[in-house]
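The values are calculated or read from the model by the stated rules, or taken from the named source; none is laboratory data. Source: prediction; values computed, not measured. Neighbour counts are summed over all protein chains in view; Cβ atoms, including those assigned to glycine, are modelled from backbone coordinates with ideal geometry.
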Amino acid sequence: MHLGFLTIFWRDMLRFYRFKTLLISSLVQPALWMAFFGIAMSSNFNRFTSELPPLPGVPTVDYLTFMAAGVIAMTTLFTSLFGGMSLLFDKNWGLMREIFASPLPRNHIIFGIALSGMTKSFIQAIIIMVFGILIGAQFFFGYTVIETVLAIVGILLFVAVFSLGFLFLSAAIAISLESPEGMQGIMTLLTMPIFFASNALYPIDAFPPALQAVSVINPLTYLVTGIRYFAIGDDFQAIGIHYQFTPFQIVFAFLFLVGFAAVMFAIAWWRFRKAVVT
Amino acid sequence: MTEPIISVKELFHQYGDFTAVDGISFEVSEGEIFSFLGPNGAGKSTAINVLITLLPLQQGSATVAGFDVVKDPEQVRESIGIVFQDVTLDRDMTCREILEFHGNLYKMPNAERKDRIEELLALVQLENKQDTRTKNLSGGMKRRLEIARGLMTRPKVLFLDEPTIGLDPQTRLRMWEYIKAVNREGTTIFLTTHYMDEADHLSDRISIIDKGQIIATGTPSELKNTLGEDLIYLETSDGDGTRKILSGMEMVKHITQKPTGIVAMLNGDGTKILPMIIEALSREGIRVSTVNLKKPSMDDVFVHYTGRELRDEGAEKPSMAVTRAGRR
């Protein structure tokens, strides 16, 4: 088996580690989201929802715990969408020519860059979980050690497929474009609807139908669902909404993300086969 | 010297309606240094990009190291090394990492890769820079590192696209030494350049390429000999009369009109012919005001074949240069 994608992965991780500003900012940024947005919003939301009568017999989860899952998802989305950017720089600076003129099969470039993007998302997700728990998010509450480990594995599995999907998309866009500014524009355009038409920061139950339709085909919604299921449980209430997940829903969410990643890979593969770099 | 190591037949390449390569055919023998000499925008880089499989072959055929660039691009890639026109080094990787990365792209086994890196760092004298990031290297060191990288996989053919562009004269001389040393080890070298002296100094054979076509091929001395043994330049009181007299002389092979004078290619030794010419002119009452006698250079060869000087075309026709650069 050709392990050429590991070469691409190695170089991208080397650069990630070497650019200290990139390394530190990408590690600190999710923690800052938790520290500022999380605490500020949770104090507000908790005030609004404290007047709602809780459903009897259903464990209540505070807003910080609720949105911590969303912050993991959001960070994964951003990191993955920008993960292909390095390909665009490689292309513009001529470095891609070395790779394109080598015998390395082109899908290995996609795999390599996806693997390093996924690794970065794993690191960030773990930082958010640890930091979130430190500032009071009730993740894995009442879990045994084994249950906690399984839950973390489950979360990382969801993060993995989700990030692969968006990394493939990002790679496809990067190899098709000329300018980093253009890519930045497209990314911003994509992140808005994906992030806000999802259940990351608030429930989707009260959305108008059109927005709800978007949220149903939004991969971020399925990632958040997966993370909440593993981190919080299959039956809880938050912000006055009763959340219940059946195993079928979770399997469906996972398969939806797998399907999304497969389609995105097909697009990236097509773009890479057509790409000419001189 | 059996099969040619590069064989190109009737190669065409177009960008939109601009024909960059207009039906070129040539062969390169194993072990030689072969050059494409031509101005910027002549189609040199396009031709090289087709041979190294970065551009699809549109029309014609090409084999490199015995493999067809269309049918066996993988094998072509495994057989060649490339030094690109502009620097293609990751600024934030060290010299050693650059070579490691390259060896891994080509699936070199670990032990062989390590040995080869030591060998090449020594060859290009970068041993004490191996842990330096490439952004801290001088222009000449970057070029040397790129040559080392091109040689990592012991290629049969090394492609060098404008290898000394932007280097100072001393560094150029040293680069030429490296290129010759690499060639002596048995690597065939395919070079593009727009420097006459570089093509003249390095090449076993040169193809002069202009506007996408090969207009002459030969060894440097063959090319220069087509211009005769010597060239003389004359400024006289009567240009037309001078031309008439010169064209009647047997030892004058060819006459070219210049803005202020005349260049004549000679069949024989200029030091003997020149006095005869001056005598013949004075018999007709034509005074000679300026005289220059020289051996033909590659510049003269280029002027002879293309009818113009090989300068950076950008200086004369900026708009043209811009569109060509954009297309490359």
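Set side by side, the residues A:Glu181, A:Glu98 differ, and just one is assigned to a helix (DSSP H, G or I), more than 21 Å from the chain's Cα centre (by Cα) and either modelled with pLDDT under 90 or more than 14 Å from chain B (Cβ to nearest Cβ) (or both), which is A:Glu181. Here is the figure for segment A:166-185: residues that are over 22 Å from A:Ala68 (Cβ atoms), of a type outside the set (Ser, Thr, Tyr) and buried (at least 17 other Cβ atoms within 10 Å of the Cβ) total 10. For segment B:35-94, the candidate set comprises residues that are under 19 Å from B:Phe18 (Cα atoms) and assigned to a helix (DSSP H, G or I); within that set, the residue that is nearest to the other protein chains (Cβ to nearest Cβ) is B:Asn49.
With respect to A:Phe5, determine if the residue is within 30 Å of A:Ile109 (Cα to Cα), touching a His at 6+ places or on another chain (Cβ under 7 Å) and either within 14 Å of chain B (Cβ to nearest Cβ) or without any contact (Cβ under 8 Å) to a residue 60 or more places away in the chain (or both).
Yes, satisfied.
How many residues are part of a strand (DSSP E or B) and free of Cβ contacts under 8 Å to residues at least 60 places away in the same chain when one looks only at segment B:194-232? Adding up the residues that qualify gives 1. All of (1) touching an Asp or Glu at 6+ places or on another chain (Cβ under 9 Å); (2) within 14 Å of chain B (Cβ to nearest Cβ) hold for A:Leu88 with one exception: (2).
Residue-level analysis places B:Lys180 among those that are closer than 14 Å to B:Ile33 by Cβ, under 17 Å from the mean Cα position of the chain (by Cα) and either assigned to a helix (DSSP H, G or I) or assigned by TED's automatic domain parsing to the domain that holds B:Lys272 (or both). Right, A:Ala206: more than 21 Å from the chain's Cα centre (by Cα), farther than 26 Å from A:Leu115 by Cβ and surrounded by fewer than 16 Cβ atoms within 10 Å (Cβ to Cβ) or not? When the stated conditions are applied, A:Ala206 passes them. Tell me, please, whether a residue that is under 19 Å from B:Thr187 (Cα atoms) and assigned by TED's automatic domain parsing to the domain that holds B:Arg205 can be found in segment B:11-19. No, there is no match, as no residue in segment B:11-19 is under 19 Å from B:Thr187 (Cα atoms) and assigned by TED's automatic domain parsing to the domain that holds B:Arg205.
Filter segment B:95-133 down to residues that are outside any helix (DSSP H, G or I), away from every other protein chain (no Cβ under 14 Å) and without any contact (Cβ under 8 Å) to a residue 40 or more places away in the chain, then give me how many there are.
Filtering segment B:95-133 down to residues outside any helix (DSSP H, G or I) leaves B:106-109, B:124-126, B:130-133.
Remaining after also requiring away from every other protein chain (no Cβ under 14 Å): B:124-126, B:130.
Filter again for without any contact (Cβ under 8 Å) to a residue 40 or more places away in the chain, leaving B:125-126, B:130.
The qualifying residues number 3.
From the list A:Leu32, A:Leu23, the one residue that fits, being within 14 Å of chain B (Cβ to nearest Cβ), out of contact with any Cys (no Cβ under 8 Å at 6 or more places or on another chain) and free of Cβ contacts under 8 Å to residues at least 24 places away in the same chain, is A:Leu23.
Of all residues in segment B:1-27, those that are within 20 Å of the chain's Cα centre (by Cα) and more than 10 Å from B:Ala62 (Cα to Cα) total 9.
Screening A:Leu164 against (1) modelled with pLDDT under 95; (2) in contact with a helix residue (DSSP H, G or I) (Cβ under 9 Å, 6 or more places away or on another chain); (3) closer than 30 Å to B:Pro73 by Cα leaves a single unmet condition, (1).
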